[in-house]
1. Could you rank the peptides 148-157, 342-351 by their average count of other C-beta atoms within 10 Å per residue, with the highest value first?
2. Just order 107-118, 260-271 by mean Cβ neighbour count inside 10 Å, highest at the front, would you?
3. What is the range 530-591 by shape, rounded, prolate or oblate, if you read a ≥ b ≥ c off the alpha carbon gyration tensor as root eigenvalues and call it rounded for a/c under 1.5, prolate for a/b larger than b/c, and oblate otherwise?
4. Go ahead and collect, in residue order, the members of the range 256-277 whose backbone nitrogen is under 17 Å from a label point 7 Å along the Cα-Cβ direction of residue 247.
5. Let me spell out the model: positive unit charges on the Cβ of Lys and Arg, negative unit charges on the Cβ of Asp and Glu, origin at the Cα centre of the range 440-591. What dipole size does that give, in debye rounded to 20?
6. Residues with beta-carbon under 12 Å from that of residue 307, excluding residue 307: net charge, scoring Lys, Arg +1 and Asp, Glu -1?
7. Treat every Asp and Glu Cβ in the range 161-292 as -1 and every Lys and Arg Cβ as +1, leave all other atoms uncharged, and give the resulting dipole magnitude about the Cα centre to the nearest 20 debye.
8. So for 212, 390, fewest C-beta neighbours within 10 Å to most, what's the order?
Amino acid sequence: MQRISPRGCDQISLTTSPAPARPTCRAKKSVVMTGMESPLAVLLLATLLATAPATASSESSQYCDAGNGFGEPRRGVSSEGSPPKILIKGGTVANAHGAEVADVYVEDGIIVAVEPHIEQVGDDVTILDASGKYVMPGGIDPHTHLDVDSTGVKAVDDFFSGQAAALAGGTTMHIDFVKPSNGSLIAGVEVYKKKAQKSCMDYGFHMVIHKWDEVVSREMEVMVNEKGINSFKFFMAYKGYQMVNDEVLLQGLKKCKSLGALAMVHAENGDAVFEGQNRMIELGITGPEGHALSRPPVLEGEATARAVRLAGFVNTPLYVVHVMSIDAMEEIAKARQSGQRVIGEPVVSGLVLDDSKLWDPDFITAAKKVSVLSFPYAHFFYRVIELCTWNFRYVMSPPIRSAEHGKALQAALSTGILQLVGTDHCAFNSTQKALGIDDFRKIPNGVNGIEERMHLVWDTMVESGQISVSDYVRITSTECARIFNIYPRKGAILAGSDADIIILNPNSSFEISARNHHSRSDTNIYKGRRGKGKVEVTIAGGRIVWMDGQLKVTCGSGKFVEMPPFGYLFGGMEKEDARYLSSLRAPVKRQ
Ligand code: URP
Ligand code: ZN
Ligand code: ZN
C-alpha cells in the first residue's frame, strides 16, 4: 500500500499521522503559521523568505497544486474485499437512549450483535479492546460544503479530503448541500454525484433552492421521490447571489410540506446585511471586523423569527441551520415552547469560539508597503499578504459572535432548546481568504470543523459536565439520523445498524493544529486548542479506517444514503391541519 495524504484520490490510500506525509508544505507552513503572532516575527519571516523565494515558491505551489483534482478517483471497494469481522470487547456502549458495558460484533459492514459477553466467533475476527472507553455511533455532520464553488472561489476540501478529515475525527457520515446547476435541481444532483464519486464514507444531500417557478416545483418532487433527498435549504441572506425573498420562501415551505420534506433556512436578513455592509464601507471599515458589524445578531434574530412564523403559518417543520446568536436561539425556544416543530442547529465554531479574532489588529498596511518594496519577489509578497490576513479565516456567516452567545448556545444545547451540532465545514486556504484584503465583503465565507467537531463537542459539553455521554451521542449523531429519517440504520449501536462506530477514550487528550489535521486547508481556526477525550478508532461501513493515528481510507467506498420523506417531524401533522381547518369556522354558510 502506498502512503499518501488525502489531497488526491487516485489510489487506495494509507495516511499515517499526516505531518511526515506532507513534508514540503508542512515545513514551510509551520514557519509561516508560527510567525503570525508578532510584528517582529513578520520581519524575521520576511528576511527568511526574501533570501530563498524561488525554491520555497515552487515547492509550496507544487504541493498545493496537487490538491484539488489530483488524478481521477478509482473505485477501491473490490480491491479491498469484503469488510472484516470485528469484535469490540468490554467498552461502554453509548447510545442516545442509554449506556451499558457490552461487546459489539460486526460482520459485512453491519452490527450483528450488542450483548454483554460475545465469545470470539472465529480466528478471522479482529478483536478491539475497548475497556475503559466509549463505543458510540460515528458522528453525523448535518451541515457541510465539500467541493463547493462559492462566488467563484472553490473550497479546498472535496469529498475525499473532507471525508478523510471527518473520519480521522470520528465523523462517519455527513449531509452536504447541493446547489442547482444552471437553475436545474436535477442537473445539480448529477454534478454532485460526480463530485461524490471520490467518497470514502457515507453521505447524503440537501438541495438548495434559489428561485421559484414551475420547473423548480416539479424538480423538488423528483428530488424527494427519485433522488433520495428529503430536505431543501433557503438562503435568506447573500443578496444578489443565493438569497430568496419571502414569496419564494413561502412557496418553498408549502411545497416542502406537501412532499414531507424538511425546509431549512440560513436565517439572516439579506437586505439589511447589504445595507450594513455599505454602511461599514462608507465608514471606512474594510477589515474583517466589518463583516461582524455589518450583520449583527438582530438581523439573525429577525430572519429566524420571520422564517419560524412563516413555517408556522404554513404549518410545516423548520430546521434553522447555524444558529449563532442568542437572538436566533430565543426565537427557536419561543416557537418550540408554543408547540411548533422547529429544529435549531448550532455549529462548533459558534459554540466554542468568539469574535475577538476579528478585531485583532493585523498588518495589512504594513503588508501593502512591504509588498511594494519587495517587488519583484512575488512569493515574498504573497506570503506576507497571507500572514497579514490570518484573522480572515474566522469569517463565516452568520458571524462568530461574542463569547456570551457561545455560552448561551451551549446552555440551549444542554437543555434541548437546540437539538444537534453541525460544522458548516467550508474550508478555504489563507490565500483564498486574502481576496478580501481591501474589502471584507470579498473574503470567502466559511470555516473548517468536520474533523474537529466530535472532539470539541466532547470537551466543551461532556468533559465540562454540561451533558451526559448519551446526550453527546444524541447531539452529534442520533438526532441527525432521526431528523433526516435514516435512524436506526445510522445513529445507533444496535443489531442491524450500519457499522459506523467510534471508540473514544475519555482519558486521552487531543491537540488541534493545522500541521497535523487532514483537511487540505493550510489554516485551522481551532489551531492550538487542546482538550480531553480522543477518538482512537473509527469504523466506517464495517472497516477500521482510523486507528493508532493512522488513516486508511478507500476512494469510492462511501455510499450515498437515500433519505425518505415524512420523517418524525411530520408525525401527526394531518391531525393538526384538520384541527386548523375546523377552527376556521368558515366559510360561513350564508343564504
Ligand atoms: O459562511 C458560511 N456559512 N459559508 C458556507 C455557506 C453557508 O452560508 O452556509
Ligand atoms: Zn448558511
Ligand atoms: Zn452552510
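Every read-out reported here was derived from the displayed coordinates using simple, explicitly stated rules and does not represent laboratory data. Values in this document were obtained by computation on a predicted structure and should not be read as measured data. All Cβ positions, even for glycine, are placed from backbone atoms using ideal geometry, and neighbour counts span all protein chains on display.
1. Highest-to-lowest ranking by the protection proxy: 342-351, 148-157.
2. Values: 107-118: 15.8, 260-271: 24.5.
Result, highest mean first: 260-271, 107-118.
3. Working: a/c = 6.88, a/b = 3.30, b/c = 2.08.
Prolate, since a/c reaches 1.5 and a/b exceeds b/c.
4. Zone members listed by number: 271.
5. For the range 440-591, the charge dipole is close to 660 debye.
6. -2
7. Roughly 440 debye for the range 161-292.
8. 212, 390
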